1. Rounded to a whole number, what is D in µm²/s for the chain from Stokes-Einstein with the Kirkwood radius over alpha-carbon pairs (4 °C, 1.567 mPa s)?
2. Full extension from residue 19 to residue 193: what is 0.36 nm times the residue separation minus their Cα-Cα distance, to one decimal in nm?
3. Sorting check: for 57-68, 37-48, which peptide has the highest mean count of neighbouring beta carbons within 10 Å, and how do the rest follow?
4. At a 10 angstrom cut-off on C-beta neighbours, averaged per residue, how do the peptides 118-128, 162-172 rank from highest to lowest?
5. Post the alpha-carbon centroid distance, the range 64-113 to the range 164-196, in whole angstrom.
6. Evaluate Rg over Rh across the range 148-216, taking Cα atoms for both radii and Kirkwood's formula for Rh.
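Where a number appears in this text, it was derived from the coordinates with a stated rule and is not lab data. What you see is a predicted model, and the numbers here were worked out from it, not measured in a lab. In this analysis, Cβ positions are derived from the backbone assuming ideal geometry, glycine residues included, and neighbour counts consider all displayed protein chains.
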């Protein structure tokens with residue numbers, strides 16, 4: 001059991017399926033707090049504008065008005081700290097690739113067991129990534145690159161904390177200290193301290209240099 005409940009939102013246009021997903025997750029109410037459900041990405045963004053105190057979104061792909069992939073991109077632009085798990089019936093490589101590029105941290109198929117979905121939520125909440133086995137195999141095929149090992153070594157050498165990475169993600173979106181503080185529910189002075197630590201660890205002197213270096217080394 002975790003100390004604070006994971007605050008979860010759902011974007012799913014098909015009412016019976018949305019209800020089924022919510023019912024599946026009710027058995028894990030001891031560590032998951034269901035915040036709200038949106039029937040498409042536009043409604044999701046509207047609800048986040050009212051209350052963005054959300055840790056993870058389960059995101060469908062095929063939805064009216066704005067689909068889940070574009071919705072993921074829009075959410076990550078405005079609220080980089082929110083993690084997104086695609087929960088879909090699609091396992092084709094193009095949708096997997098586009099979802100990852102949009103900022104998804106996980107990709108699960110809707111026929112997964114409640115236990116597997118719950119496990120994926122916990123994994124993402126704790127800083128990892130989650131995928132259905134068949135999706136993981138396709139993703140390895142898509143993303144396999146010779147330079148992965150050296151990139152990971154560079155990231156490890158820089159030793160940014162999880163919170164520092166969150167602040168850096170927000171900086172990369174051009175957000176000011178106050179907006180970052182609001183998004184992460186911390187004080188502006190704390191944001192400033194995190195940024196000072198980021199500059200020191202990355203050996204840079206301004207925001208642009210920090211973001212460029214973080215992007216180059218796949219930190220964000």
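1. Working: Rh = 18.2 Å.
Answer from the Stokes-Einstein relation: 71 µm²/s.
2. Numbers: separation 174, 0.36 × 174 = 62.64 nm, distance 4.29 nm.
Taking residue 19 through residue 193 to full extension adds about 58.3 nm, to one decimal.
3. Details: 57-68: 21.2, 37-48: 19.5.
The densest-packed peptide leads the list: 57-68, 37-48.
4. Details: 118-128: 17.0, 162-172: 20.5.
Descending packing order for the listed peptides: 162-172, 118-128.
5. 24
6. Working: Rg = 11.9 Å, Rh = 12.2 Å.
That ratio equals 0.97.
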